[in-house]
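First the structure, in the form of structure tokens, and then the observations on it.
The values are calculated or read from the model by the stated rules, or taken from the named source; none is laboratory data. Keep in mind the model is a prediction, meaning the values are calculated, not measured. Every residue, glycine as well, gets a Cβ built from its backbone with ideal geometry; the counts of neighbours run over all protein chains shown.
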Amino acid sequence: MTDFPVEMRALLADASQCGMYFVDARDRDALATAARSLDFAQATIDFDGCRDRDDALARLAAALAFPDWFGGNWDALADCLSDLSWWPADGYLLLLEHVDDWRAAAPADFDTLMDIANDAAAGWARLRKPFWVLMPLPAAALATMAD
């Protein structure tokens with residue numbers, strides 16, 4: 001018997017559905033378990049107290065162990081997320097924790113991150129390799145986004 005819904009595992013395995021999404025925080029652990037069962041590489045990036053773009057990029061670089069050539073800018077982030085040769089896996093799950101404050105304080109930077117993550121996911125989808133960037137939010141926060 002498994003600890004996660006079969007549907008969640010099937011969804012994560014489907015590279016055509018990948019991208020950057022807000023998810024219910026109550027599903028976080030089940031998503032991580034499903035990703036592990038698929039032999040995905042995983043990283044959790046905590047944005048609590050994130051100050052600005054440079055801080056966000058530094059957190060991403062540290063969590064994903066970016067190579068020395070990472071330039072600390074949006075273009076370099078796009079290059080790294082599209083490569084990941086130093087981190088071979090059957091798929092990828094990035095969990096961005098506590099993004100709300102940074103998203104509210106720097107909406108343009110957040111939108112740029114979202115564009116880069118979705119572009120990277122599209123590139124990985126062409127290779128049939130799942131690449132997910134998920135942002136767990138409390139159910140109440142998700143409900144206000146739907147309004």
**Study point:** Looking only at the range 80-105, and only at residues there that are among the hydrophobic types (A, V, I, L, M, F, W, C) and at pLDDT below 95, the one that is surrounded by the most Cβ atoms within 10 Å (Cβ to Cβ)
**Key:** Trp102
Point to revise | Selected residue [crowded, with 19+ Cβ neighbours inside 10 Å, touching a residue at least 60 places away in the same chain (Cβ under 8 Å), touching a helix residue (DSSP H, G or I) at 6+ places or on another chain (Cβ under 8 Å) and aliphatic (A, V, I, L, M)] from Ala125, Ala35 | key: Ala35
Exercise for review: Could you grab me the full set of residues in the range 13-30 that are in contact (Cβ under 8 Å) with a residue 60 or more places away in the chain and under 19 Å from Ala140 (Cα atoms)?
Suggested key: Tyr21, Phe22, Val23, Asp24, Ala25, Arg26, Asp27, Arg28
Review point. Only one of these conditions is not met by Phe110: (1) touching a strand residue (DSSP E or B) at 6+ places or on another chain (Cβ under 7 Å); (2) aromatic (Phe, Trp, Tyr); (3) under 17 Å from Gly19 (Cα atoms). Which number is it?
Key: (1)
Practice item. List every residue pair whose Cβ atoms sit under 6 Å apart, with the two residues 6 or more apart in sequence or on different chains, where the first one lies in the range 59-76 and is part of a loop (DSSP other than H, G, I, E, B) and the second, anywhere, is among the small types (Gly, Ala, Ser) and surrounded by 17 or more Cβ atoms within 10 Å (Cβ to Cβ). Key: Phe70/Ala61
